[in-house]
Amino acid sequence: MLNHFVRGIIDGLLSTLGVVIGASAADNVIILSAGIGGAVANGVSNLLGAFSSEEYKGQLEIQKLENAMLNKGIEDSLIGKNMKKERIKAGFLDGGSTIIGGFIPVMPFILLDSSQALLWSVLCTVLTLFILGAYIGKVSKKWIILSGLKLMILGALTALLVHLIQYYLV
């Protein structure tokens, strides 16, 4: 389940940061509306996408088990019910973490004026990515600092790319 949480947080952070940077020429109210709306829509999308994907994967696993046992009806068994609970948990974890991640780049626009909020939005996002990367490094028993830096740099490069697109289009 950690994979759904990590994927959701990263998706929420970077996709919402893209919306925030893209809308940064507007007033804070518009940035907040776009950022929160984008985060919630992205989270619901990921919830449904993860649930559908896990449901398909679960159905394939059930079919393999049924074929191996030459038995039908595993879906209603304890194994099938547990698999369904796992699919539901995966969907909510993926979608929920996307929404949580999406609020991080938006929070500075609630607390600060627009002249400072964009910089703090990017800083909060890349700092969160560093912490998440360090945690992944710890769990996977790899270099904690290097894992954090890798994710942080990729996030910063994403922010730079979106900023360049916004700069040359607006």
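So what's the back-of-envelope 222 nm ellipticity for the chain, counting only DSSP H runs of four-plus at -39500 (n - 2.57) apiece and dividing by all residues, rounded to 500?
Numbers: 6 runs with 146 residues, N = 170.
Only helices count here, giving -30500 deg cm²/dmol.
Shown for the chain are the DSSP H helices of 15 Å or more along their axis, judged by Cα atoms, with a mean Kyte-Doolittle hydropathy of at least 1.0: 2-22, 114-139, 144-169. Distance between the modelled labels on L65 and L160, one decimal in nanometres: 4.8 nm (7 Å Cα→Cβ projection). Treating each Cα of the chain as one equal point scatterer and applying the Debye formula with no solvent, the log10 of I(q)/I(0) at q = 0.10, 0.21 Å⁻¹ comes out as -0.47, -1.24.
Heavy atoms only, probe 1.4 Å: what % of the accessible area of the range 98-170 goes to carbon and sulfur, would you let me know?
Working: 3690 of 4760 Å².
With neighbouring chains kept in place, the figure for the range 98-170 is 78 percent.
For the residue pairs K85/K142; K64/K142; K81/K150; K64/K89, the C-alpha atoms sit more than 28 angstrom apart in K85/K142; K64/K142; K81/K150.
Take the Cβ atoms of L123 and K81, set R0 to 35 Å, and the FRET efficiency comes out at 0.20. Its Kirkwood hydrodynamic radius, worked out from the mean inverse distance over all distinct Cα pairs, puts the range 1-63 at 13.1 Å. Each label was represented as a point 7 Å from its Cα along the Cα-to-Cβ direction; for K57 and I110 these points are 3.1 nm apart.
Place a +1 charge on the Cβ of each Lys and Arg in the chain and a -1 charge on the Cβ of each Asp and Glu, then give the dipole magnitude about the Cα centre in debye, rounded to the nearest 20.
600
Of the chymotrypsin sites (Phe, Trp or Tyr not before Pro) found in the range 106-168, no site is in coil according to DSSP while having at most 12 other Cβ atoms within 10 Å of its Cβ. Tell me, what is the FRET efficiency for Y168 and A25 to the nearest 0.05, using R0 = 22 angstrom and their Cβ-Cβ distance as r? Plugging the Cβ-Cβ distance into 1/(1 + (r/R0)^6) gives 0.95.
The values are calculated or read from the model by the stated rules, or taken from the named source; none is laboratory data. On a predicted model such as this, the values are computed, not experimentally measured, just so you know. Cβ: placed from backbone, ideal geometry, glycine included. Neighbour counts: every protein chain shown. Note: areas computed on protein heavy atoms with side chains; ligands, DNA, RNA excluded. Shrake-Rupley method; radii C 1.70, N 1.55, O 1.52, S 1.80 Å.
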